[in-house]
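The values are calculated or read from the model by the stated rules, or taken from the named source; none is laboratory data. Quick caveat, the model's predicted, so the values are computed rather than measured. Counting neighbours? That spans all protein chains shown, and the Cβs are built from the backbone with ideal geometry, glycine included. For accessibility, only protein heavy atoms count, side chains too; no ligands or nucleic acids. Shrake-Rupley method; radii C 1.70, N 1.55, O 1.52, S 1.80 Å.
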Amino acid sequence: MRKMKYRKWNLKYKYPTVSPELSSENLPELLKLLLAERGFSSREEVRRFLGSGIESLHDPFLLKDMDKACERLQLGLKNGEKIAVYGDYDVDGITSTCIVSQWLKKKGVSVVPYIPNRLEEGYGLNREAMDTLHEKGVSLIITVDCGVTAVEEVAHAQELGMDVIITDHHECQSGALPDAAAVIDPMRPDDTYPNADLAGIGVAWKLLSAMDGDTLQTLRTYADYIAVGTIADVMELSSENRCVVKEGLEKLSSSPTIGFSALMQACGVSDGPATSSRVGFGIAPRINAAGRLGDVAAAWQLLNCTDPLQAQGYAENLCALNRRRQDIEAEILEDAERILTEEEKDAPIVLASGDWHPGVIGIVASRLSDQYGVPTVMIYLHDGVGKGSCRSPEGFNIFDALAACSSYLEGFGGHAAAAGLTIREENIDSFRAALAAYYREHPAPPSTLHCDFIIENPALLRTDQVASLGQAEPQGCGNPAPVFCLSDVLLQNIYPMKDGKHSRLQIRFGNQAFSCPFFSCPPSALDVQAGDSIDLAFTPQLNTYRGNTSVQLRVLDVRPHDGSELCSSILEGSDDCLPFAKRYVPRGREDFIECWKVLRAENGCPAESIREIIDLCPADMAPETFCLCCAVFLEQGLLRPSAGGSLCGAVIDPHKKIELNDSALLRQLQHAAI
């Protein structure tokens, strides 16, 4: 049985209140409900959110040192200097290197793109690379998505006679910034740029925009690159980033560059409009695979290709690399699961091995962190030194944790959710203990599934309703994809997918059957089976196959039906829950009689919790129906409220007769509507 990804489900037995202004907008009902749930009420707010967002673009010169960077780059263009673009091997770094290199080539200068080999050089600037670039005649280096902590490396470059312009978006560690010609990073402590959530490619685009003097036109030139880099780096998709990604998704849908077009065809995401989900799960992993396996040239060739036929071959090569990466990942994950003890699954996980592929351990760390809800550090060992990839659950800042344990590290860097480190092998046990101590003082909150709302009306899952959610794109960090829930639905069947690595659930909701893919969860790991009544958390999607479009529900989590939340709302007297309770209305006097027999035998419900009340429910009755009967008895004075006022107490008068037609609650249930 699998360990639930979400230990708690936050379900709301209340539909969002749609304001009169939002209600008057000509939008499908499902989209209106989602917008209301996300806090939109005025016509102006809605139209601004659904619009282009161009007004949110900021002046690039608001970034610290942008004037210095432009001055030095202008000098380089004027003098015809040989300029290196030094990037990173992930999607953000590769796309950043592409757009800056392409821009420089258009200016007619000699360009040397340089992306370090992940397996041989590691992340960021290094002295050997500085020597290599100097030997090639480079006099100016522009870093993208790296460099803000490279104090010694920048100093070495200057000793060789090379200037450095740094564009980065990573956290600045304590201490001085590199003594570069310019350091552009919205995370600088002294920077006041309005958008601190720019990706590395976002900062690089800002430099090009400042040089061109036209932010919007530069965006539209490189929008597909910028969108892919921003989505892949999981940056917050609000304000300026939302506009940037929206422009990029439109370009990917209508006129993508040759490389992206070939890759979308190869990975099967070219049928229909581009979405952030298709980028995040289709395009980005394949580009990342090249860097992870030490073959970043494969991604570089594709993204700079101008020949469609060649691009097709490059795209197929990336897909093959990604399949290889998946196989390696599965092997490491299986090995890690064998090593883990039960105690380690409830504390920060720190594992090390010399047998693991250093380019893939970060994905495995992410999977383990998701599965067990704890910070995870996977370390590749070589010659007594470990290179680690760190991931953390929501609510825990892994960067701060590494800073607190830095005395055991040779170096570290990254973000709140993901980071990297270097450590000597002999310090790993001490680091593990220090990280565990820090975690005890700063524990991650329980993993909670936040549901936008429960869907009771099957009409909300029609094709046209689900299609309307595309207007809320781009979705991701800061504007998450909608999460809806179905409660107490029939699980008809379970099928294995992709060699049993994934599951496909078949459910019945109303008079409709829905196909529900559940990725990274094999049937053997499910704690439900065909014939069960289940609760399903999902994001609806359109699936086109052989020209036919249908709605499928991409599963986030599934559990045996749990009616305790609705039962609590019923006994608390919440009117909001009545539309959800309507299908549990007692069948007639026979249900009330059966419940009353139980209550008389127990002298009421002397319970401390809703679970204890549900335990009294007759075997052939839904707990929600039992609680509705109890609520009527409370209303009619047959039961005394508990001391807290929300649960049932003792029977007041076991012989009192009531007339069900007098129940205001039952009348409300009859008229309750979704």
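Considering only residues in segment 156-178 that are at pLDDT 95 or above and open to solvent by 40 Å² or more (accessible area, probe 1.4 Å), the one that is nearest to residue 230 (Cα to Cα) turns out to be 163.
Of everything in segment 149-195 that is of a type in the set (D, E, K, R) and not in a loop (DSSP other than H, G, I, E, B), the residue that is farthest from residue 414 (Cα to Cα) is 159. Return yes or no: is residue 30 closer than 30 Å to residue 470 by Cα and open to solvent by less than 40 Å² (accessible area, probe 1.4 Å)? Answer is yes for this residue. Checking residue 554 against (1) surrounded by 14 or more Cβ atoms within 10 Å (Cβ to Cβ); (2) touching a helix residue (DSSP H, G or I) at 6+ places or on another chain (Cβ under 7 Å), which test does it fail? So the condition that residue 554 fails would be (2).
Only a single criterion out of (1) touching a Lys or Arg at 6+ places or on another chain (Cβ under 7 Å); (2) open to solvent by less than 50 Å² (accessible area, probe 1.4 Å); (3) over 21 Å from residue 6 (Cβ atoms) is not satisfied by residue 500, namely (1). Residue 23 satisfies every condition listed in (1) touching a Leu at 6+ places or on another chain (Cβ under 7 Å); (2) assigned to a helix (DSSP H, G or I) except (1).
When you go through 538, 514, 519, 509 one by one, which is the residue that is of a type in the set (Phe, Trp, Tyr), open to solvent by 50 Å² or more (accessible area, probe 1.4 Å) and either within 24 Å of residue 10 (Cα to Cα) or in contact with an Asp or Glu (Cβ under 6 Å, 6 or more places away or on another chain) (or both)?
The match here is 519.
Condition first: outside any loop (DSSP other than H, G, I, E, B) and open to solvent by 10 Å² or more (accessible area, probe 1.4 Å). Now tell me which residues in segment 617-630 satisfy that. Those that are outside any loop (DSSP other than H, G, I, E, B) and open to solvent by 10 Å² or more (accessible area, probe 1.4 Å): 623, 625.
For segment 288-314, the candidate set comprises residues that are touching a Ser or Thr at 6+ places or on another chain (Cβ under 8 Å) and surrounded by 22 or more Cβ atoms within 10 Å (Cβ to Cβ); within that set, the residue that is nearest to residue 361 (Cα to Cα) is 300.
Note on segment 416-433: residues that are in contact with a Phe, Trp or Tyr (Cβ under 6 Å, 6 or more places away or on another chain), under 19 Å from residue 340 (Cα atoms) and surrounded by 18 or more Cβ atoms within 10 Å (Cβ to Cβ) total 1.
Restricted to segment 194-253, and to residues there that are among the basic types (Lys, Arg) and without any contact (Cβ under 8 Å) to a residue 40 or more places away in the chain, the residue that is most open to solvent (accessible area, probe 1.4 Å) is 220.
Screening residue 498 against (1) out of contact with any Ser or Thr (no Cβ under 8 Å at 6 or more places or on another chain); (2) at pLDDT 90 or above leaves a single unmet condition, (2). Please tell me if residue 284 is under 14 Å from residue 224 (Cβ atoms), touching a residue at least 60 places away in the same chain (Cβ under 8 Å) and part of a helix (DSSP H, G or I). The answer is yes for residue 284. Residues of segment 43-71 that are of a type outside the set (A, V, I, L, M) and in a loop (DSSP other than H, G, I, E, B): 51, 52, 53, 58, 59, 64, 65. Scanning segment 72-92 for residues that are part of a helix (DSSP H, G or I) and of a type in the set (Lys, Arg) turns up 72, 78. Look at segment 31-51: where a residue is in contact (Cβ under 8 Å) with a residue 24 or more places away in the chain and a partner is buried (at least 16 other Cβ atoms within 10 Å of the Cβ) and of a type in the set (Gly, Ala, Ser), sitting 6+ places away or on another chain with Cβ atoms under 7 Å, you get 31/468; 31/472; 34/472. Taking residue 317, is it more than 20 Å from residue 361 (Cα to Cα) and open to solvent by 50 Å² or more (accessible area, probe 1.4 Å)? It is true that residue 317 is more than 20 Å from residue 361 (Cα to Cα) and open to solvent by 50 Å² or more (accessible area, probe 1.4 Å).
Condition first: hydrophobic (A, V, I, L, M, F, W, C) and either out of contact with any Phe, Trp or Tyr (no Cβ under 9 Å at 6 or more places or on another chain) or within 30 Å of residue 472 (Cα to Cα) (or both). Can you find one or more residues in segment 399-412 that meet it? There is no residue in segment 399-412 that is hydrophobic (A, V, I, L, M, F, W, C) and either out of contact with any Phe, Trp or Tyr (no Cβ under 9 Å at 6 or more places or on another chain) or within 30 Å of residue 472 (Cα to Cα) (or both). Hey, residue 413 hits all of (1) at pLDDT below 95; (2) open to solvent by 40 Å² or more (accessible area, probe 1.4 Å); (3) in a strand (DSSP E or B) but one; which does it fall short on? That leaves (2) as the condition not met. Does segment 116-137 hold any residues that are part of a loop (DSSP other than H, G, I, E, B), over 19 Å from residue 183 (Cα atoms) and open to solvent by less than 30 Å² (accessible area, probe 1.4 Å), and which are they? 116, 122 - these are the residues of segment 116-137 that are part of a loop (DSSP other than H, G, I, E, B), over 19 Å from residue 183 (Cα atoms) and open to solvent by less than 30 Å² (accessible area, probe 1.4 Å).
Checked against the criteria, residue 486 counts as modelled with pLDDT of 90 or more and crowded, with 18+ Cβ neighbours inside 10 Å.
Return yes when residue 53 is of a type in the set (Gly, Ala, Ser) and under 17 Å from residue 453 (Cα atoms) and no when it is not. Criteria not met by residue 53. Per the conditions (1) in contact with a strand residue (DSSP E or B) (Cβ under 7 Å, 6 or more places away or on another chain); (2) more than 20 Å from residue 120 (Cα to Cα); (3) part of a loop (DSSP other than H, G, I, E, B), the sole criterion not satisfied by residue 358 is (2).
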